[in-house]
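The structure appears right after this line, and notes come after that.
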Amino acid sequence: MPAYIIVMREDSVRDQDALKQYQSLTRQMQTTIKPDPKVVYGNVEALEGDAPDGVVLLEFVSIQEARNWYNSGDYQKALPYRLQAAKHRAFIMEGL
């Protein structure tokens, strides 16, 4: 069953250098798990409530694969830079 990691940036980027470092590190990841990006910061239109500043949606084969990717050494090395760059919410969601 597919699973998705959804990351929502809740406000504007406050540290562009940290964001650039995060992007560089995630592009260099050596993990064998390769997410399938479905959404990467496209236009957002709020239907109810406030729209996030940006959204990333990554598809994985399973929840366990999504967890393994998120918890990988390579991603954990990059993560502090994303957290420094802006306020985010991230979660894993099981698909159909």
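At-a-glance table
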item	result
Some residue of segment 34-45 being among the aliphatic types (A, V, I, L, M) and touching a helix residue (DSSP H, G or I) at 6+ places or on another chain (Cβ under 9 Å)	no
Hits in segment 21-54 - residues which are surrounded by fewer than 16 Cβ atoms within 10 Å (Cβ to Cβ), among the hydrophobic types (A, V, I, L, M, F, W, C) and outside any loop (DSSP other than H, G, I, E, B)	Val39, Val40
Residue list for segment 66-80, filter: outside any helix (DSSP H, G or I) and surrounded by 14 or more Cβ atoms within 10 Å (Cβ to Cβ)	Ser72
Unique match (being among the basic types (Lys, Arg), at pLDDT 95 or above and in contact with a Gly (Cβ under 9 Å, 6 or more places away or on another chain)) among Arg9, Arg14	Arg9
Some residue of segment 81-88 being at pLDDT 95 or above and either of a type in the set (D, E, K, R) or exposed (fewer than 11 other Cβ atoms within 10 Å of the Cβ) (or both)	yes
Number of the exception - Ala3 against (1) over 16 Å from Pro80 (Cα atoms); (2) buried (at least 16 other Cβ atoms within 10 Å of the Cβ); (3) under 12 Å from the mean Cα position of the chain (by Cα); (4) not hydroxyl-bearing (Ser, Thr, Tyr)	(3)
Whichever residue in segment 6-55 is within 25 Å of Gly95 (Cβ to Cβ) and of a type in the set (S, T, N, Q) and, among such residues, is nearest to the chain's Cα centre (by Cα)	Thr26
Filter result for the condition that a residue is surrounded by 16 or more Cβ atoms within 10 Å (Cβ to Cβ), within 22 Å of Pro2 (Cβ to Cβ) and touching a helix residue (DSSP H, G or I) at 6+ places or on another chain (Cβ under 8 Å), over Ile92, Ile63	Ile92
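The values are calculated or read from the model by the stated rules, or taken from the named source; none is laboratory data. Nothing here was measured: the structure is a model prediction, and the numbers come from that model. Positions of Cβ are backbone-derived with ideal geometry, glycine not excepted, and every protein chain shown enters the neighbour counts.
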